[in-house]
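Every number in this text was worked out from the coordinates using simple rules, so none of it is lab data. A quick note: this is a predicted structure, and the numbers were derived from the prediction, not measured. Neighbour counts are summed over all protein chains in view; Cβ atoms, including those assigned to glycine, are modelled from backbone coordinates with ideal geometry.
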Amino acid sequence: MNTDPLIWLTIFVLAGFVGVEVISKVSSTLHTPLMSGANAIHGVILIGAILVAGSAQSTPILVLGLVAVILASINMVGGFVVTDRMLIMFSRPKKALDKSVRRELDQ
Amino acid sequence: MTPAWAQLGYLVAAVCFIVALKGLSSPRTARRGNVIGAAGALLACVIVFLASDIQHLLPILAAIAAGTAIGVLGAYRVQMTQMPQLVALFNGVGGGAAAIVAIIELTELSGGPAPVFDLIATAFTIVVGSVSFAGSVVTFLKLQELMTTRPVVFRGYPILYGLGLLAALAFSVGLVLAPSMLFAVLLAVTGAGLGVLLVLPVGGADVPIVISLLNAFTGLTVAASGYLLENILLLIAGTLVGSAGTLLTRLMASAMGRSVINILFGALKGGSTLGATTVSDRPVKSAGPADVAILLAYAQRVIIVPGYGLAVAQAQHTLRQLVDLLEERGVQVDYAIHPVAGRMPGHMNVLLAEAQVPYEQLKEMAEIDPEFKQADVALVIGANDVVNPAAETTPGAPIYGMPILHANQARQVVFMKRSMRPGFAGIENELLYQPTTTLLFGDAKDTMSKLLGELKALTV
C-alpha cells in the first residue's frame with residue numbers, strides 16, 4: 001500500500017519540472033529524434049508488465065500480462081533502435097563540418 | 001518491498017533518462033544521449049528480475065525476446081520516409097501495455113478494500129492508455145495514407161465527443177466506487193473511442209503534432225502505473241516523458257505557427273472546406289526538362305525547396321549530382337529547409353543527411369527566406385504546402401498561419417510535381433498559377449535524371 005501519497009505527488013511534480021527544463025532549448029532540427037527518444041523511454045512500462053506478468057495467479061491473467069510484455073518490449077527496444085538510426089544521419093554531416101572548420105584553420 | 005540496492009539502481013536508471021533527454025536536445029550529444037537512455041532501460045530490466053519475485057520466468061523471457069525481435073526488425077526495416085508512422089505505432093503499443101498493466105493490477109486490487117488513489121490511478125491509466133493506443137493507430141493509418149489524410153468531421157461530432165468524455169468520467173467514478181472488470185473494459189472501450197475521435201479531425205500535415213501529444217499521454221499513463229505498482233522509476237520516467245512531451249508538442253506546433261488547440265479542433269469550426277481534393281483545370285504553364293535545364297544553367301542563384309515527394313521518389317542522390325554540376329558552372333545553390341518539410345519537424349534534415357548533402361548547404365527558414373528575392377530560380381521538388389501562399393492569404397485554410405518559404409518571390413519558380421494533385425494538407429496552391437511559375441511534371445527521380453542529362457549536354 002502507498003503509505004504516503006504526498007511523497008509520490010512531490011516526486012511527480014519535481015520530475016515534471018525536470019522534464020520541461022532539460023528539453024527547453026532543443027532546436028527544431030532535433031524535434032523528431034527527441035520525440036522518438038522520449039517515446040523509447042516510456043517503454044520502461046516493460047518493468048510494470050514484467051511485474052504483473054510475474055505475479056499472475058491464473059492463466060488468462062498470465063496471457064494478458066505476456067501480451068503487455070511483448071507490446072512494451074516493442075516500444076522500448078524498437079524506440080531506442082529507430083532513434084539511433086535517425087541520429088546516425090546527424091553524426092555524418094557533423095564530421096564533414098569539422099573537416100571544413102579544420103581546413104579553414106589550416107589556411 | 002523493493003530492497004534498498006534496487007531502489008538505488010532505479011535511481012541510477014532515472015538519472016540516465018534525464019541525461020538522455022538532455023543529450024537528445026543538442027545535435028552534438030544526441031546519439032550518446034540515446035545510448036545512455038537505452039543503458040538506463042536495460043539496467044532497470046535487470047534490476048526488476050533480480051529484486052522482485054518473478055514467476056513464469058521462461059514465458060516472460062520469451063515474450064521479451066519476441067517483442068525485441070519485432071521492435072528491432074521494424075526499426076531496421078522501416079524506410080526513413082515512413083519513420084513517423086513507426087514512432088506512432090511504438091507509442092501506441094506502449095500506451096496499450098500500460099492499460100493492460102492497470103487492468104491486471106485491478107484484479108488484485110478488487111480483492112479487498114482498495115485505496116481510493118490507487119483506483120483513480122487505475123481508471124486514469126486504462127482510459128488514457130486506450131486513447132493513446134487507438135489514437136496512434138489512426139495516426140498510423142493517416143500517415144501511411146491507408147485512410148484519407150484530410151480532416152474527418154461529421155455532424156454531431158462535438159456531441160459524440162462530449163458524450164464520450166462524460167461516459168469516461170462516469171465509468172471512472174464507477175470503477176472507484178465499485179472496482180470491477182466490467183468498468184475496466186467499459187473504460188478501455190470508451191478510451192479507444194475517444195482516441196479515434198481525437199485524431200479524426202486532424203489534417204494530415206498536423207498529424208505529427210498529435211503523435212507528440214499522444215506520446216506525452218503515454219508518459220503520464222506510465223507515471224500513473226508507477227504509482228499503482230509502487231515503482232518509483234516508472235513514476236519518474238513517465239512524468240519526464242509526460243512533461244517533456246507536452247512542451248515538445250507546443251514547440252512543434254509553434255514551429256508551424258499554430259496552437260495545439262487549433263490543430264486538434266480547428267477543423268470543427270468548419271473552416272476546412274477549402275481542403276477540396278478536386279483537381280483544378282485552371283491553365284498552368286509547363287515545360288520539359290530541356291527548358292528547365294537551360295533556366296538553371298544560366299542562373300546565378302538557385303534555391304532548392306525539397307519536400308516529401310523528393311524523398312519518396314528517392315531522388316536525393318540525383319539531386320545532389322545536379323547541384324554539384326550547377327556549382328561547377330558557378331551557380332550558387334542552397335537548400336531551403338522548412339521546419340516541417342517532410343512529415344514531421346526536422347524530418348527533411350534527416351532525409352537529406354542520409355543522401356550526404358553537405359550540412360552547410362542546408363539553410364534553415366529564417367536564414368534563407370529573405371534570399372528568395374535575389375534568387376533567379378526557386379526549384380520546388382516534391383514540396384507543396386510549405387510554399388503555399390494560402391497560409392498567409394486565406395484565413396480558414398487548414399495551414400493558415402503556418403510560416404512559409406516565399407518561393408513566389410524568386411524571379412522564376414520551377415515546380416517539379418507528379419500531378420496537379422494538392423499537397424498533404426489537401427489545399428489548392430495559388431503559386432502553381434503564378435505567371436512566373438513553370439511546371440515540370442513527372443516522377444521526381446525520373447525527371448531529375450532527365451534534367452541531369454540535359455544539363456550535362458549543355459556543359460559539354
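Overview of values
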quantity	calculated
Euclidean distance between Cα centres, segment B:185-212 to segment B:5-22, Å	31
Simple Cβ-charge dipole of chain B, Lys/Arg +1 and Asp/Glu -1, about Cα centre, in debye nearest 20	400
Helical contribution to [θ] at 222 nm, DSSP H n ≥ 4, -39,500 (n - 2.57), averaged over chain B, rounded to 500	-19500 deg cm²/dmol
Spatial separation of Cα centroids for segment B:343-374 and segment B:60-95, in angstrom	29
Ranked list, fewest to most other Cβ atoms within 10 Å of each Cβ, for B:THR218, B:THR122, B:THR148	B:THR148, B:THR122, B:THR218
Angle between chain B longest axis and helix B:4-24 axis [Cα atoms, degrees, rounded to 10]	10
Peptide-level mean, for B:149-157, of C-beta atoms on other protein chains within 10 Å	0
Peptide B:336-343 - average C-beta neighbours from other chains (10 Å radius)	1
Proxy reagent accessibility, fewest Cβ within 10 Å first, across B:PHE372, B:PHE49	B:PHE49, B:PHE372
Inter-site label distance for B:ALA178 and B:ALA290 at 7 Å from Cα along Cβ, in nm	8.3
Debye log10 I(q)/I(0) for segment B:289-459, one point scatterer per Cα, at q = 0.09, 0.11, 0.19, 0.20 Å⁻¹	-0.26, -0.39, -1.29, -1.46
Of B:LYS22/B:LYS363; B:LYS142/B:LYS456; B:LYS363/B:LYS417; B:LYS22/B:LYS417; A:LYS25/B:LYS445, pairs whose Cα-Cα distance is over 30 Å	B:LYS142/B:LYS456; B:LYS22/B:LYS417; A:LYS25/B:LYS445
Dimensions (Å) - the protein assembly as shown, Cα atoms, principal axes, largest first	83, 62, 36
Projected label distance in nm at B:THR436 and B:GLN314, using a 7 Å step from Cα toward the beta-carbon	3.6
Neighbour-count ranking [beta-carbon atoms within 10 angstrom, fewest first] of B:ARG77, B:ARG343, B:ARG31	B:ARG77, B:ARG31, B:ARG343
By average C-beta atoms within 10 angstrom, highest first, the peptides B:283-296, A:49-62	A:49-62, B:283-296
Selection from B:ILE337, B:VAL350, B:ALA313 lying farthest towards where the dipole of segment B:289-459 points positive, charges on Cβ	B:ALA313
